[in-house]
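What follows is a set of notes on a single structure, which appears directly below.
The values are calculated or read from the model by the stated rules, or taken from the named source; none is laboratory data. This is a predicted model, so every value here is computed, not measured. Note that each Cβ is placed from the backbone with ideal geometry, even for glycine, and that neighbours are counted across all protein chains shown.
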Amino acid sequence: MEKVNILLVEDNEADVLMTKLMLQQAGVENGISVARDGVEAIEFLSKQNQFSNAISPDLVILDINLPKKNGKEVLEFIKNKMQDSPIPVIMYTSSSLEIDQAFCREHNVDLYLIKPTLIEDFDRVINIFKDFITSLSN
C-alpha cells in the first residue's frame, strides 16, 4: 500500500495508541502526526508556529470532543478554509448523537465512524480504515 500521511487529532492518549495500532494492523504504511487539541490541528494544517515545516496530510482522522476547539470547528476549518487543497476527513468519535452526525454530513465529512467499544468491533473498524485509505490512492 502507498504511504499515506495522516493527521490524527485526538486528546486521549489511549485512543491515540489504539488508533495507531488499528492502522498498523490494517497494513497501512503511514506517517502519523498527532495534534492533541483543535488549536494544534488548525496550526498544523496552516503550518503555523511549531508546525511551519509540517508535512501536509493526505487524511485527517478527527475526534469531535477536543479541548480548545472541538472537532466540529476543525472540520469547518478544513472544509471551508482549505478548499484549494481538499483533505479527506474521517470523524472518528465516541459520539453516536444524531445532531453530531447531521452536522458532519452538512459539512461534508468523508466518513463518520464511531469508536468501537467491544473487542469484536475492532476488526470491522480496521477493515473500514483499510478500505478508505486504499481508496485514497486509487
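Comparison of V125, V60, V74, V89 shows that the only residue that is surrounded by 13 or more Cβ atoms within 10 Å (Cβ to Cβ), closer than 20 Å to I6 by Cβ, out of contact with any His (no Cβ under 7 Å at 6 or more places or on another chain) and at pLDDT below 90 is V125. Within the range 18-29, the set of residues being under 24 Å from I78 (Cα atoms) and assigned to a helix (DSSP H, G or I) comprises T19, K20, L23. Can you tell which of L66, L75 is assigned to a loop (DSSP other than H, G, I, E, B) and under 13 Å from V39 (Cα atoms)? It is L66. Filtering the range 96-114 to residues that are over 22 Å from D131 (Cβ atoms), touching a residue at least 24 places away in the same chain (Cβ under 8 Å) and assigned to a loop (DSSP other than H, G, I, E, B) leaves only H107. In this structure, I55 does not satisfy being in a loop (DSSP other than H, G, I, E, B), under 20 Å from D121 (Cβ atoms) and either of a type in the set (D, E) or free of Cβ contacts under 8 Å to residues at least 60 places away in the same chain (or both). Against the conditions (1) in contact with a strand residue (DSSP E or B) (Cβ under 6 Å, 6 or more places away or on another chain); (2) over 21 Å from V4 (Cα atoms), L111 satisfies every one except (2).
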